[in-house]
There are 2 protein chains.
Amino acid sequence: MPSISLNLMKLILALLALALSALPAAAVEQWGMFEIALPGPASGNPFVDSTVSARFTQGDRVVEADGFYDGDGLYRIRFMPGTTGEWRYQTRSNRPELDGKSGSFTASAPSAGNHGPVGVRHTYHFAYADGTPYCQIGTTCYSWAHADDEREELTLRTLATSPFNKLRMCIFPQDFAFDHQQSPRYPFAGAPPREWDFTRFNPEFFRHLELRIGQLRDLGIEADLILFHPYDKKWGFNGMSAVNDDRYLRYVIARFAAYRNVWWSMSNEYDFLRTKKEADWDRIFQVVQRSDPYGHLRSIHNGALIYNNTQAWVTHASIQNGAAVEDPDRAVLYRDVYRKPIVFDEVKYEGDAAARWGQLSAEEMVLRFWSGVVAGTYVGHSEIFAHSDSSWLAIGGVFHGQSPPRLAFLRKVMEEAPDGEIEPIDKWQDERTGGKAGQYYLIYFGKEAPASWDFSLYKTGIKDGDRFGVEILDTWNMTISPVAGVFTAKKKDGYAFMDAAGRSIVLPAAPYIALRIRRLP
Amino acid sequence: MPSISLNLMKLILALLALALSALPAAAVEQWGMFEIALPGPASGNPFVDSTVSARFTQGDRVVEADGFYDGDGLYRIRFMPGTTGEWRYQTRSNRPELDGKSGSFTASAPSAGNHGPVGVRHTYHFAYADGTPYCQIGTTCYSWAHADDEREELTLRTLATSPFNKLRMCIFPQDFAFDHQQSPRYPFAGAPPREWDFTRFNPEFFRHLELRIGQLRDLGIEADLILFHPYDKKWGFNGMSAVNDDRYLRYVIARFAAYRNVWWSMSNEYDFLRTKKEADWDRIFQVVQRSDPYGHLRSIHNGALIYNNTQAWVTHASIQNGAAVEDPDRAVLYRDVYRKPIVFDEVKYEGDAAARWGQLSAEEMVLRFWSGVVAGTYVGHSEIFAHSDSSWLAIGGVFHGQSPPRLAFLRKVMEEAPDGEIEPIDKWQDERTGGKAGQYYLIYFGKEAPASWDFSLYKTGIKDGDRFGVEILDTWNMTISPVAGVFTAKKKDGYAFMDAAGRSIVLPAAPYIALRIRRLP
């Protein structure tokens, strides 16, 4: 293509973007995305030579959002309005062409399905900004957005009917054996495998990720973006200098932070990334915290060594430990030490891999979710089947495992709990029982197969005469069977209440049974 | 007594103390205690009006130790020399009589049984200053030193033949129901129950504690001194102002820090002490850290809410959680999050109390110790039997439980391990196996009663042809039975080595069995 027509096209694109940014305010809703697009200098290295940001104001509210260079002489500043109504803005830049631009727009009420970003609620749980409970059922699909379009669209179709409302995915491509798809896009200018100019981003790479992140958002799925990972012997994106790392982080945040469904995962298996020390991770967390005007959730995923999740910049613990959710007595221990939401993002995977981290039966995967949930924590899924063309874990596609429908069943149970939050009822004593004291109980028997259960609830929040209804949940077969009659509380001893008539409940003597007990009005 | 003879007696005492302080240097050994006694002003309130300290030097080594007023016009400055050889000192005071006194003494080699203070070693373990492993087998006896002499001496005799090398004890008396002995001594001047002058200490109270701490030291027992506790509705020692708390801490440290066997436990069930917030505990930790020139071990014991043990001023986690050592898979989790030695100081108690925290069978108490130990952590004992005159937990005396001899057996096993340190061998996979990879293994079967065990060890540190000897330990009956023959390692799969001849080991099909496997030369 002759350079004259290329430049002309760039100009048209810039003008088009400018025109789009001036569209009526109706196009932007609360927790949606407003974007300012500005033509500016393309000479030199705009990624490092130009700074641009905007100050968004609404009465006393002030939000500072960094912009970014999107190539082709075009700069963008994105903003997620946290409230409805009129917002005004003014840009700042070291380039006169980008500086001092002002304007306003009106954020409309959020449309159906837009509940805003997810944040921490009640110390151990999550909720959307509008107060809707967020009952995390996560999955991991590291490189699904580094595949070809056909596969990526297949993955999206799979997700659309899945129970998963969070997906862990890498920004940088992976080079490990499970990733059969070679990414045709790279985050930096240069040439594979190692001739990169880390000071120049490849906007096309990021535009592609944005497309996918937006599609996840539209499916109601949070994108837990993994900012660094150790699975890179090929390209060296895991061995950049601190200056390059920090520039990369700011660029990613400038591009993605206005997507309401992003979470920031500093790294996968951070301690396996030998080029960085713990102090680097402290710094990386703080760069992200400072750069993100919305305070999206921040975590870091461990290999063998767990990061100090008590640090103020960690919003929730993201734990890899398969053993921790083998029973709820283990899972609960992390709550006490971190006093934050606990997400067991990696508990081994459903599959038939040779490695012991990829051999869980579907039953065991579902058990780990239930064990985590009744302990007041959250769990993540993935799968790896050797017979399939390539694994969900690495590159998405379709599910070959049997756990997803059962996780959908669990998610529905979670969403029906008060506030969608399960708390331990009698901590360090009876971890198989979670719920809300006096109101709601979920008792999970795991691999036990009891034939009956004596009605008995821990004393907190209960008094003589309180009435309860009981259902038997088969967590594997996904059935809910109401138990006939009403159970009336009567003090049994210093710790518990029994049924006034001393009744027991007949159980199916099968594994993976739970009870749901709700107080009656 | 007429005041003239009282004053005369005080003078004689002061002169006597001065004479004793000038005894030949031979009396002080490394990690022993050197004491300077100085007569000084008794008027006003010497506890707040006078400051006194000394600077001890040996070449480049400098240790600043605060002194204290011991009543009767006498001031003392204590010092624990960390090295042998000549030490010089010079005092500093705001009182001319106490200021600028100088002298020297020679610290001799430590006598048998004096291994110095205990510190942290290899992140998760403890050792004495001379390198001797410290294999913690703790017990709790909150108010044993607030009893009458007869009972206190009985407790010491009981301890002398017990396995316990650490004892948790309160400085302040307790008023709860299990404490049948009313303390005749109080830490402050004034009158019970609540007429205290918190600015004036009662030296006699502290002298009595010192006597008992020194006797524990001579028995080889660390005194884990509990500085605050919530069991005080009567006297209000748990509700002092921050200024009074800090003065109390500095006084305690000035008196006790030169005892090599002291540890500082900021509080028992700190979160049940409603008069203080977490920030107060942060401050209290820091006052102790700053005031103690020797860096004795520092921890804090929780009720329902665990303190942030990742804080730099916490040397080890002191955990109350009975459930955490029901199996080693739980115990191990705290290691990862704290990266410090984990001491489960309260795991419920052996006994027959009505409360569920005091009903452990001896078998269960011993199981909790073993579960903790094979997971690379440490455990604490106590007992409460309703039929006894009063409980070991509250006030000492004798043991009524059956666990102590089994804990002696465990301690011996621990001390025979390499460096006295047990590490998880295959973390998050097989927590029943601890030891030192390639060298030494302790496999604990808990309540399982296997009839045989296929020889199999995790791969780390093992190669084909390595030879091992096996013993069967009955942790309850305290027997060690060598297994005939030598087991030779042969790679089994990607994770483990088996016996080259494929042999299994016949086990007694009884609970509480362990295997000890040691590499042969």
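Output needed: percent of Cα pairs per 20 Å distance bin for the protein assembly as shown, bins running from 0 to the one holding the longest distance.
Computed distribution, short to long bins: 11, 35, 33, 18, 2, 0.
Going by average Cβ density within 10 Å per residue, which order do the peptides B:261-272, B:214-225 take, highest to lowest?
Final packing ranking: B:261-272, B:214-225.
Restricting the calculation to Cα positions, tell me the Rg (one decimal) and the Dmax (whole number) of the stretch A:276-325 in Å.
When restricted to Cα atoms, the stretch A:276-325 yields Rg and Dmax of 11.6, 36 Å.
Can you give the Rg to Rh ratio of the stretch A:118-420, both from alpha-carbon atoms, with Rh computed by the Kirkwood formula?
When Rh is taken as the Kirkwood radius, the ratio is 0.93.
Of the listed pairs A:K348/B:K459; A:K492/B:K340; B:K436/B:K492; A:K234/A:K340; A:K348/A:K490, which have alpha-carbon separations greater than 32 Å here? The partial results should precede the final answer.
Values: A:K348/B:K459 20 Å; A:K492/B:K340 42 Å; B:K436/B:K492 20 Å; A:K234/A:K340 36 Å; A:K348/A:K490 43 Å.
Violating the 32 Å Cα-Cα cut-off are A:K492/B:K340; A:K234/A:K340; A:K348/A:K490.
At a 10 Å Cβ-Cβ cut-off, how would you order B:K436, B:K447, fewest neighbours first?
With the sparsest Cβ surroundings first, the list reads B:K447, B:K436.
If you average the C-alpha positions of the stretch B:58-122 and of the stretch A:348-398 separately, how far apart do those two centres end up, in angstrom?
Centre-to-centre (Cα) distance: 61 Å.
Taking Cα centroids, how far is the stretch A:443-477 from the stretch A:412-429 in Å?
Measuring centre to centre over Cα atoms gives 13 Å.
Could you calculate, for the stretch B:316-391, the ratio of the Cα radius of gyration to the Kirkwood radius, expressed as Rg to Rh?
1.02
For the stretch A:218-278 and the stretch B:233-302, what is the centre-to-centre distance using only Cα atoms, to the nearest Å?
The stretch A:218-278 and the stretch B:233-302 have Cα centres separated by 43 Å.
At 7 Å along the Cα-to-beta-carbon direction for both A:R467 and B:R95, put a label point, then send me their distance in nm to one decimal.
Distance between the two pseudo-spin positions: 7.6 nm.
Kindly point out which whole DSSP H helices in chain B project their C-alpha atoms 15 angstrom or further along the helix axis while averaging a Kyte-Doolittle hydropathy of 1.0 or above. Spell out each step's value before the answer.
On the way: long enough: B:3-21 (27 Å, 1.94); B:149-160 (16 Å, -0.93); B:203-218 (22 Å, -0.70); B:242-256 (21 Å, -0.23); B:278-291 (20 Å, -0.76); B:328-338 (16 Å, -0.56); B:362-374 (18 Å, 0.72); B:403-415 (18 Å, -0.16).
Answer set is B:3-21.
Please compute the Cα-Cα pair-distance distribution of the stretch B:437-519 with 5 Å bins starting at 0, giving whole percents from short to long.
In order of increasing distance, the bins hold 3, 15, 28, 24, 17, 10, 2, 0 percent.
Hey, could you grab the Kirkwood Rh for the stretch B:184-248? Inverse mean 1/r over distinct alpha carbon pairs, Å, one decimal.
Averaging 1/r across every pair of different Cα atoms and inverting gives 13.1 Å.
Would you please put B:503-515, A:329-341, B:226-238, A:312-324 in order of how densely packed they are, using the mean number of other Cβ atoms within 10 angstrom per residue and starting with the highest?
Most protected by this proxy first, the peptides run A:329-341, A:312-324, B:226-238, B:503-515.
Sticking to Cα atoms, compute the Rg of the stretch A:70-178 to one decimal and its Dmax as the biggest Cα-Cα distance, whole number, in Å.
Calculated on Cα positions, Rg and Dmax stand at 19.2, 51 Å.
Report the one residue of B:Y259, B:S481, B:F198 whose Cα lies farthest in the direction of the positive end of the charge dipole of chain B (charges on C-beta: Lys and Arg +1, Asp and Glu -1; origin at the Cα centre).
About the Cα centre, the residue reaching furthest to the positive side is B:Y259.
Can you give the relative contact order of chain A as a percent, counting alpha carbon pairs under 8 Å and 6+ residues apart?
Taking the mean separation of contacting Cα pairs over the length of chain A, I get 11 percent.
Taking the Cα centre of the protein assembly as shown as origin, sum charge times position over the Cβ atoms of Lys and Arg (+1) and Asp and Glu (-1), and report the length of that vector in debye to the nearest 20.
Roughly 1040 debye for the protein assembly as shown.
Take the Cα radius of gyration of the stretch A:330-472 and divide it by 2.2 N^0.38 Å, with N its residue count; two decimals is plenty.
Working: Rg = 17.1 Å, N = 143, 2.2 N^0.38 = 14.5 Å.
Dividing the Cα radius of gyration by 2.2 N^0.38 Å gives 1.18.
If you count, for every residue in A:426-432, the Cβ atoms of partner chains within 10 Å of its Cβ, what is the mean? Write out the running numbers ahead of the final one.
Numbers: counts 0, 3, 9, 4, 1, 2, 0.
What the average comes to for A:426-432 is 3.
What share of all Cα pairs of chain A, in percent, falls into each consecutive 10 Å distance bin?
Over chain A, the share of Cα pairs per 10 Å bin runs 4, 18, 27, 24, 15, 8, 4, 1, 0 percent.
At 222 nm, what helix-only mean residue ellipticity would the protein assembly as shown give, in deg cm²/dmol to the nearest 500, using -39500 (n - 2.57) for each DSSP H run of four or more?
-7000 deg cm²/dmol
Kindly provide the Kirkwood hydrodynamic radius of the stretch B:249-390 in Å, to one decimal, from all pairs of distinct alpha carbon atoms. Write out the running numbers ahead of the final one.
Values: mean 1/r = 0.0619 Å⁻¹.
In the stretch B:249-390 this quantity evaluates to 16.1 Å.
Over the Cα atoms, compute the radius of gyration (one decimal) and Dmax (the largest Cα-Cα distance, rounded to a whole number) for the stretch B:124-244, in Å.
So, for the stretch B:124-244, Rg and Dmax equal 15.7, 47 Å respectively.
Any read-out appearing in this document is the output of simple, stated calculations on the displayed coordinates, not a laboratory observation. All values derive from a computational prediction rather than experimental measurement. Heads up, the Cβs are rebuilt from the backbone with ideal geometry, glycines too, and the neighbour counts pull from every protein chain shown.
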